[in-house]
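Dropping a structure here in structure tokens format, bear with me for questions.
The values are calculated or read from the model by the stated rules, or taken from the named source; none is laboratory data. This structure is a prediction, so every number in the text was calculated from the model and none was measured. Here the Cβ positions follow ideal geometry from the backbone for every residue, glycine too, while neighbour counts run over all protein chains shown. Areas reflect the complete protein model, heavy atoms only, side chains present, ligands, DNA and RNA absent. Shrake-Rupley method; radii C 1.70, N 1.55, O 1.52, S 1.80 Å.
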There are 2 protein chains.
Amino acid sequence: METKIPYKIYLAENEIPTQWYNVRADMTNKPAPLINPATGKPLTHDDLAPIFCTELNKQELDNDTKWFDIPEEIVNFYKMYRPSPLVRAYFLEKALDTPAKIYYKFEGNNTSGSHKLNSAIAQAYYAKKQGLKGVTTETGAGQWGTALSMACSYFGLDCQVFMVKCSYEQKPFRREVMRTYGANVTPSPSNTTNIGRKILAEHPDTTGSLGCAISEAVEAAVSQEGYRYVLGSVLNQVLLHQTVIGLETKTALDKYGIKPDIIIGCAGGGSNLGGLVSPFVGEKLRGEADYQIIAVEPASCPSFTRGKFAYDFCDTGMICPLAKMYTLGSQFIPSANHAGGLRFHGMSTTLSQLYHDGLIEARAVEQTSVFAAAEQFARVEGILPAPESSHAIRVAIDEALRCKETGEEKTIVFGLTGTGYFDLVAYEQFNNKTMSDVIPTDEQIAESLAKLPKVPGLE
Amino acid sequence: METKIPYKIYLAENEIPTQWYNVRADMTNKPAPLINPATGKPLTHDDLAPIFCTELNKQELDNDTKWFDIPEEIVNFYKMYRPSPLVRAYFLEKALDTPAKIYYKFEGNNTSGSHKLNSAIAQAYYAKKQGLKGVTTETGAGQWGTALSMACSYFGLDCQVFMVKCSYEQKPFRREVMRTYGANVTPSPSNTTNIGRKILAEHPDTTGSLGCAISEAVEAAVSQEGYRYVLGSVLNQVLLHQTVIGLETKTALDKYGIKPDIIIGCAGGGSNLGGLVSPFVGEKLRGEADYQIIAVEPASCPSFTRGKFAYDFCDTGMICPLAKMYTLGSQFIPSANHAGGLRFHGMSTTLSQLYHDGLIEARAVEQTSVFAAAEQFARVEGILPAPESSHAIRVAIDEALRCKETGEEKTIVFGLTGTGYFDLVAYEQFNNKTMSDVIPTDEQIAESLAKLPKVPGLE
């Protein structure tokens, strides 16, 4: 007899994970190492030490340790907003009239509005433990910057955020949240760094780019005593911290004896997707269970589905290490019409390897269909989802409708990474029917991929 | 031995209240009846029927029924976002270094961003049950309009929101949330009503007022077949629905054997305060327990602390019934510098009577100190509070600091009614130190009170 499942499965506070799970330890084909572009050789601890926190570098490079203890201070902070609920989407199921059972893990119930806080607090903790004064970072849409501001405020660390100038001006609310948490927010490019001054001299009217903001943040970190640079996605360490999402999801499902058939997550750099699916991928890797795992990316920035598995720079500015990943080329910029987030040209090396090995699959969706799913979801489930999260909603609805056709009672779990309160300009476009889909042509992608770096020994 | 209290006390879904509690039934001195300004006589069901839903009118006028069953459809909707957590503010206690124990009931974890949804869903339900096509309302800041949009979307009701024009233009994000939920949002004054056209003809450049928006919403309701008008605060029915807040709070406290010494809520029209404190006031009225209950209002709109207990219009437009309440006069408008919400000139009749009888006390606080409390709270507790809610935070912190001085280990409970994601213009003023306090002079209040209506037999 099936136990009646509540609308929201809340775990107890003592069920918050006390260890992060490192899926790389269970992978036979490990993700390819990061490469120092200057030498063509794998990056070492020493290469990374001036830029990133020491303890985080260890996590970054460690492909063998399966479990990392979560420090008690971080678990205590997690108690502020975790465990996050696993919600049974009864209202959505009813609206779709589907036999599928749909669940979503909701990470939006904190002021950063997303899952980003899970890693921000860990990175701030290790920076504090190392005795640093502060950290620098870049932010585009602002979720990561907000999360980092909150984490730094908690540990009394200085937080310097380089915010892409057009976002700084167009998203003043995001900026003010960060300032309320005490962060120093600088529009990028700025005249506070050499690279910023150089770009401003060459392009005085530029509205900035993420690539430029990364460059400024890295320069600010290495040029100030007691500072390091931190990053909110793509890196192994970030995926590691985000496994609290997947571990809690698994605990909640196990508690009610639920075995998912399909697990769906949106994919930009991979932080949410990796965090959600790692424990399930681990079971697949160990031959303990099988799941269909779907990464959902925007059709306007389709790194998995139309990119190449190759070494590439992680940033547009080409100052970061080379990573072997599915990439559209570091110079690829999604159409200006793209409002739906997930605009990174590449993908986490770990997820890239898993995709390459057939452990996860990928699907690209167009943004108008994403916002239609977001609106449908909001109206029945009550939560206004972030555009990024809505990519996962789109495919969850598609799969549930497929179940309606076939009569299959599949169990679908997706990650609802955050809320859309700061994305209402995009919702307004959708409401006003002025939103369009722009899909890159084969020629555009080929042109961008032609610029992939040539590194000796890596061809 | 004290049970270890978790950070967040979550009740189970079957602990969501199934009845609303009507504190009027326990009051010896009942709130004075609403008066028809045309006749000077108490309003009857028949007077109210063309404007409000029938079932809601019953709740409005019933001073005797102690418990109202919550229809199952409403309880099911509540499960979307309730029970709401009762949070132990361990981080704030530590930051204040106080022996006080602080708890807050957090109502912000839903897309409306506030407790308003508790009543919106009830009002939409009764409208649907009555076979109506839709409802009309006004909204200023937008919390109520958002909540009502969500509720109407759920029941497939048309939702017409008259939004004060300056808010419509300055808060496009609020507007877009409502539109995403399918509401029809009209800037007020508009040319869709007689009163709107009249005002526009006389004052073509007006940016609108809540009084005008109420007038338009009422006209739209009575002039369309199958429509009624709904309101998000002040009314007895709204306080009744909001008692889910206080009932859940009491259940959670009882579960851990916690007896609060002080209960604090912000007070605008009284919907949150009444909902939070009703069950506790009930115990006081029945002589079962004693609590210090504090209503917190803005110093710029101090209806309890500087108003008069008298019959007055509920709206600036003077078309609504007369209510006996603490009021600054229906023509009182808080200073334009006031950014902190809670700008209603009067107060719920029930709370007014309770205050008059000494069962609750009141305190007025200045907005810069309110935002300072909000910032302090956000930085340690992680939630960005609404300005309204932050009035309660201010006094909770003040009381906790008083405990630090005296060494008393008091237990303080306050209502955290919502989040501040759509109030960042006000936060920006605070961050930029351009926010000021403007307290009305005695002369200003006296002048406004001199305009109180003269109704025969009510002097």
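Measuring from a point 7 Å out along Cα→Cβ, what nm distances, shortest first, does residue A:191 have to its partners in the other copies?
Distances between equivalent label points, in nm: 4.9.
Long-range amide H contacts for residue A:188: which residues qualify at under 5 Å (H placed 1.01 Å from N, peptide plane, sequence gap of 5 or more or a different chain)?
A:163, A:164, A:165
Also, quick follow-up: Percent of accessible area on segment A:204-361 owned by carbon and sulfur, 1.4 Å probe?
Carbon and sulfur atoms account for 49 percent of the accessible area of segment A:204-361.
Amide H to amide H, which residues 5 or more places from residue A:360 or on other chains are under 5 Å from it, using H placed in the peptide plane?
A:355
Suppose you put the label 7 Å out from Cα in the Cβ direction; list, shortest first and in nm with one decimal, how far residue A:442 is from each other copy's label.
Label-point distances to the other copies, shortest first: 8.5 nm.
Cysteines of chain A lacking any other cysteine beta carbon under 4.7 Å?
So far as the 4.7 Å Cβ criterion goes, A:53, A:166, A:212, A:266, A:301, A:403 stand without a partner in chain A.
Let me ask something else about it. For segment B:304-452, what size does the Cα cloud have along each of its three principal axes, sorted from largest down, in whole Å?
Here the spans come out as 45, 36, 26 Å, largest first.
Using amide H atoms built in the peptide plane, which far-off residues or other-chain residues are under 5 Å from residue A:325 H to H?
HN-HN under 5 Å from residue A:325: A:310, A:311, A:312.
Out of the DSSP beta bridges found with both residues in the protein assembly as shown, what percent are antiparallel (nearest 5)?
35 percent
So which DSSP H runs in chain B come out at 27 Å plus along the axis (Cα) with average Kyte-Doolittle of at least -1.0?
Membrane-span-like by this rule: B:236-255, B:387-406.
Moving on to the next point. Exactly which trypsin sites (Lys or Arg not before Pro) in segment A:285-375 are in a DSSP loop and have at most 14 other Cβ atoms within 10 Å?
A:286
Can you bin every Cα-Cα distance in segment B:1-106 into 10 Å intervals starting at zero and give me the percent of pairs per bin, rounded to whole numbers?
11, 26, 25, 22, 12, 4, 0
While we're on this one: Would you compute, from DSSP H runs of 4+ residues alone, the mean residue ellipticity of chain B at 222 nm, taking -39500 (n - 2.57) per run and dividing by the full residue count, rounded to the nearest 500?
Rounded to the nearest 500, it is -12000 deg cm²/dmol.
Here's a follow-up. Any idea what diffusion coefficient the protein assembly as shown gets from Stokes-Einstein, in µm²/s, Kirkwood Rh on alpha carbon pairs, 10 °C, 1.306 mPa s?
56 µm²/s
With both partners inside chain A, how many of the DSSP beta bridges are antiparallel, as a percent to the nearest 5?
Around 35 percent of the beta bridges assigned by DSSP in chain A are antiparallel ones.
Enter the buried accessible area of the A/B pair, total of both sides, probe 1.4 Å, in Å² rounded to the nearest 100.
4000 Å²
Which entries of A:101/A:255; B:116/B:454; B:4/B:94; A:308/A:451; A:58/A:165 have Cα-Cα distances beyond 23 Å here? Intermediate values should be presented prior to the final figure.
Numbers: A:101/A:255 16 Å; B:116/B:454 33 Å; B:4/B:94 16 Å; A:308/A:451 12 Å; A:58/A:165 33 Å.
Correct reply: B:116/B:454; A:58/A:165.
Further question on the same structure: Compute the label-point distances linking residue B:45 to its equivalents in the other copies; points lie 7 Å from Cα along Cα→Cβ; give nm, one decimal, shortest first.
8.0
Now for a different question. Could you give the accessible area per residue of chain A, probe 1.4 Å, as a whole number in Å²?
35 Å²
Taking the alpha carbon gyration tensor of segment B:160-286, what are the square roots of 5 times its eigenvalues, largest first, to the nearest whole Å?
Semi-axes (√(5λ), whole Å): 38, 15, 14.
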